[in-house]
Structure formats: C-alpha cells, structure tokens
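Okay, structure first, notes after.
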Amino acid sequence: MIKIFAKKGAPKVAEILIYEVIGEDWYGNGLTAKRFDDDLKALGEITDIKVRINSPGGSVFDGIAIYNILKQHAAKVHVQVDGLAASAASIIAMAGDVVSMGIGTQMMIHNPWTFAMGDSNAMRKSAEVLDQIREGMVAAYAAKSGLEHDELIAIIDAETWYGPEAAIAAGFADAVVTAEKENDEDDESKATAQQSWQAVISRFKNTPSSFKVPQFAAAIQKSAAADASGANAMTPEEIAAAKAAEAQNAEQIKAAALAAEADRQSAIRQAFVGAFATDHRELLDACLQDQTCTAAAASQKLLKKLGEGSESLRATIQPNGDSRDKFIAGVANAILARRQLETLEGGNEWAGASLGRIARAVLHRAGVAHADRLEGSNLAAKVFATMSTSDFPLLLSNTANKALRKAYEAAPSTWQTWCGVGEVSDFKSNSRIQLGSFNSLAVIPEGGEYKAGTFGEEAETIQAQTKGRALFMTRQMIINDDLGGFVSRAQKLGIAAKRTVNEDVYSVLAANPNMSDSGALFNATAASTPGGHANYTTPGTAISVASIGVGEYQIGIQKDTGRKTTLNLSPAFLLAPRAKRLTAWEILNSTSDPASSNSNKKNYAASLALEIVSDAELDKASGTAWYLVTDPNVAPVIEVDFLDGVQTPFTDEMVDFFTDAIVMKVRLDYGVAPIDWRGGYKNAGA
C-alpha cells in the first residue's frame, strides 16, 4: 500500500507499507518487484520515501530487486521497521538512507535457501548459485553496516536476529522510534517527542552506546531564560515543577540504565552457559565489562573462539524457502504420504487433497481468474492451456521423481551382490585392466634400483549407453482425478528401471561373450591354449560337494595374464537358478556330505562359506546351469559402470502439445560387460 501526503518543504512524500511476503506466495499474492516498481513510478516526482516494513521475507530475488529500485531512486529513503524485517525484507531495509526500528521489532538475517532436484552436478550447481546469491546479499548488508565480508558471512550463517539496539550496534539500523506526530513547528512538539523517546528508553534491555538520550534540561532552561519582558517567562512555581520533573526524569534514566545493564549482563551469561563460562572465563569477563557489547555480539565472539583451530563451526539452519518451493514440496509430500511412500509432515494443508483441488490451486497461483469454479474437462483444458507458465509440470515431475526413485531403491535385484560397480565419464569405449596384469614385486638388492612395472596387453572394454522410457499425465487422468494412477505408474517405472539393469547383467552372463583374447567368457579349453580359460564343465554335473570342489579348484589355479603367476583365488558366491536353489541350500548347509553313505564325512563345500545368489533371470537361460564367482572387489567377472557414477534414474519433464499430456522422460546411463574370466566358473548342470 502506498500513501501520499504533504510535508513542509517537500512537494510530495510517499509512505509505502510492506506488510506482506516478498515475491509471490502460494496463492499468487505478495509483493513482487514488478508491482513495487510500477506503483512507485505511478507516483511521479517525489522527494521523500518512507518505507514501513512488517514482513517475514520470501523471494530473495524480488527482495534484491526492490532494494535496487529504492537505491536508484532520486528521493531520500527512510525505512522504518514496524514489526519484523526478516530474510528478503531485511535486504530491502538496507536501502534506507536512514533505518529506524520500533519498540519490540526484530530484524533477521540468514542464508538463502532453495530446493534442488537432479544428479550430483545439479546439486553442486545449486550450491554454487546459492553462494553467488549470498555474495549479493553481503554487498547490500556491507553497504549499510560497514562490516567486513567475513563478519557478515558469520552473521548470515548463524541466522542472526536483531532487536532495535542490537541492529544499531551492528550498523544495520540508525535509530529507535516510537509513534510521534509529524510536526516541526514549535519547541513544544519537540519536547513532546523527547518525552516519547524517554518512555522508549525505559523499555530497552540493552541500550546501545550510539543512541542519544533526549535532554530535557535544554528545553527547560530555554523557557526559564525567556525574554526579559516576562511575556514568555515561567513563574517560580513552574520553574520549580520543571526542575522537579527534570530530577525525576534523571532518576528514571538512571534506573532504566541500571536495569538495561543488568539485563545485558544476564543475557551474556546465558550465552556462556555451562562449561563455556569456565572454559572461556576471560572472554566472558571482557564481554561483561564492555558496556557496548550486546548479547548477540558476545555470542558471535564465543562462536569465533570455539571455531579457532577447527575447519568450520557454523549453525545449521533450515529457514523457510521460497513459497513456490514450499507449495510444490507440500503437495508432493501429501501425495506420496497417501501412497505410504513418505511420512506426512505435520500441518500439511494438502493432506488428502484431490488432483482437482491441486490443479485449481496451481491455476490460482498462475493468476487464472475463477479457478475455484473449474471442474472436469474445463479444469483439464485450463491446466494444459497454462502449462508453460504454471507449476503443474514441475509439481508432477517432483512427485513422480520421488515415487520412481523410492521404487527403484526398493525393487528386488541380485546383480549388485556379485558384480563389480564402476564409473565412466562419457559414452566412449573404456578399458578395464584385468587382475594380474601388473608385474609382481621384484627383489631390490641393497643400493639397487626400483624398476617400473608394466601392464599386460589384455584389457576388456565397457561402454555406457542410455536406456529410458516416458511417463504421461494425460488430459483424461486429470478429468478422472486419477492421481493415484499417475504415482503408481511412476513406481512401476522405477521398478522397471531396476529390473532392466538386472536383466542386462544376466543376459551378458548367459550370452557367454568373447573376451579380448578371443576366447568365450566360459570355455573348457586348456588355459595354456590361446583363448583357453578352463573354467567351464560341459556336459554338466548337478550341484554337489564334489562338483563345487571341482569349480573351486579351477578358480584357484588360474594364472595372471602372462600365465606365470598363480593368482590363488577363491569363490565367494554360488549363482543358481531358482529351480536349483533348494538343492544348493541343502548342499551348503549340511554338516556332512549328502552324497556320501558315511554320515561322519564332513561337508567340504560348507567350509567355503559361499553365499547363494538365486535369480529367475538365470532360469530364463537354463534351469540347470550354475556358477561360482569371486568377490567383485578382487576379480569381478562382470562389471556395471554408470555414467558419472549416478546409479539412480534421471528425470525431466515437458508438455506435449500434440497429445495433451505432460511427459516425464526417465533415463539411466550405464554399461554392462565381462571383465575377468579368472574370477568365474560355469557348470552346465544336470
């Protein structure tokens, strides 16, 4: 709200009330920089602007924009905090040539905050952007207060709250004010204003040294020494009464000062609670003796002292974010809570909300008139008509992304147990060195020279590729209020993504591809023959103590790439189709050898402590074939490499004009390849 009024010596003065959130709130309300600029320009030429603030803050960009609009205006700007100037509102307050704060008011300064979604690179980018935004905030605070950069960073990191006197001491404000009449005509009104200031002082807890206490003596003496004619002279009784009032005021000032000092010291002692008071007694005494040191300043000094010798000591805060992010996060939480995918946050107003109600709220935020009246096809049509300007695509993407990732993480798969996991930075063919490719250590005689080892020529390659699907929110789903169906599809897509990786791994295993030496991953050819791996038994034998012993032996005698050094490997996993899981379990968990008539014959296979991995993907290729594989950290038979190490699906959304649908594409970038045949053994089974 802007009010215009006349003032002596000034053609036009504007009073601006900022009593709302900064930027657009959940329902499209709030003070945006554009609205502020338009209203201010409409006033024409003005010489003075009084900005009165009572706002919790909001959008940092709108706050910075309003700050710059005021700073660049030719008028003199007086900012008065009537209640709260927090977050973005505190940035606006810094635009004042004079900043005053009323009794009981607060100013709060903290770090910018946001929601982010995406991979690790997106998260790092978001953090960098927030740091850049903070630097802009620091510049505004520094211009007003004169504080150094590092001092302001500490203040911002700690989410610091200032009362009037603390804000003045820090340089963020210039004066404390009470309600007073706009009257500059006579000394009587000035004396009244002085008395009002006096009443304020008695309510201060920590009076800053920069604050000037009004002096009533000067006004009394001026009246007593009026012109000799006596026309304006005070009577003896009036002079006596004035002096008595002066003495009484002096006592009140003294009492208020003593009370303020007691409150200041008490607040400082509270900051040095517990062991801090004994461990940092010298600092506590210094703060108590310095009458200009406020409780807030003492806390900053204590934090700085505690942080000496450590890398970081910063208060962790999570202040309210932008209203748009809050709206999207609140709706997503409510939707996911209905599907038991998240715990409903306390006080979430969107709990149980239908898709129709959510859509109408989105339209209202987008400025659509009479959005609350829309239903069915009319609602769906308006939603799609405003897709490019509303929050609906992002809201659905946020919700679907969370549902998809939770389902992906929970979906069953077994490949992670026995496969190696790696990372690639591009879609090119990447080499993977096999176990034993590097020379063994050589003897170094006294004073001898260390010689560089070399890698063997054998290396396998792996290449990432993109796999993905699309998820649709159609016009019909909005009309049918099918929010559950959309989330369910997102969950199924997450499960499908997890299953796809699992299928690819077992497909490679079953395909038995050729390695770099031209031999198949599993073959029965002697290892001394080029391409021979001697790690396959065919025709096969059933899972038994004896057959497991054969497989363990074959793995144990495998040699390095130069076929000179025995690697002495041991299997860690038994891979069996579900059709043979029971047999495998009985063999590995029997005390004696089930195949022996001698019940006292110990079960050698049980001593190997093999972990059974049973997957239906193995049954697709063969109901009998089984495998032994080593620990993937030693000699991974198969490796799965993810682009940039991101193992969860990436999502993005768009609006498809031709299909009347919101499309969310889901992709996962990875590659699967055999890496080292030495760590595996295959038996065709029986």
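Only the coordinates and a few stated rules stand behind these numbers; no lab work does. For clarity, every value in this text was computed on a predicted model and none was experimentally measured. Methodologically, a virtual Cβ is constructed for each residue, glycine included, from the backbone with ideal geometry; neighbour enumeration extends over all protein chains shown.
The distance between label points at residue 564 and residue 684 comes to 3.7 nm (points 7 Å beyond Cα on the Cα→Cβ vector).
Output the pairs from 34/71; 467/620; 41/76 with a Cα-Cα distance over 20 Å in this structure; if there are none, say none. Present the calculation step by step, with values, prior to reporting the outcome.
Values: 34/71 16 Å; 467/620 22 Å; 41/76 15 Å.
Over 20 Å apart, Cα to Cα: 467/620.
Each of 164, 19, 111 was placed along the dipole of region 2-177 (beta-carbon charges, centred on the mean Cα), and the one lying farthest toward the positive end is 19.
Backbone amide hydrogens, once placed in the peptide plane, bring residue 147 within less than 5 Å of nothing, excluding anything fewer than 5 places away on its chain. Computed from label points 7 Å out along Cα-Cβ, the spacing between residue 542 and residue 125 is 5.9 nm. Annotation: amide H-H contacts under 5 Å for residue 176 (H modelled 1.01 Å from N, sequence separation of 5 or more, or interchain): 101. Taking the Cα atoms of region 2-177, the ratio Rg/Rh between the radius of gyration and the Kirkwood radius comes to 0.99. Cα extents for region 64-152 along the principal axes, largest to smallest and rounded to whole angstrom: 46, 30, 24.
By the equivalent-ellipsoid construction on the alpha carbon gyration tensor, region 421-566 comes out with semi-axes of 46, 24, 14 Å, ordered largest to smallest. Annotation for residue 344 and residue 135: the two label points, set 7 Å from Cα along the Cα-Cβ direction, are 4.5 nm apart.
When the Cα atoms of region 560-640 are aligned to their principal axes, the ranges along those axes come out at 44, 33, 18 Å in descending order. Placing unit charges on the Cβ atoms only, positive for Lys and Arg and negative for Asp and Glu, gives region 63-168 a dipole magnitude near 380 debye about its Cα centre.
Kindly state, to the nearest 0.05, the FRET efficiency for residue 76 paired with residue 43, given R0 = 22 Å and r defined as their beta-carbon distance. Efficiency at R0 = 22 Å is approximately 0.95. Shown here are the Rg and Dmax of the Cα trace of region 510-683, at 20.5, 76 Å.
Here the extension length gained between residue 103 and residue 550 equals 152.2 nm, from 0.36 nm per residue of separation less the Cα-Cα distance. Amide H to amide H distances under 5 Å link residue 661 with 656, where only residues 5 or more positions off or on other chains count and H is placed in the peptide plane. Calculate the FRET efficiency for residue 470 and residue 607 from the Cβ-Cβ distance with a Förster distance of 51 Å, rounded to the nearest 0.05. Here the calculated transfer efficiency is 0.50.
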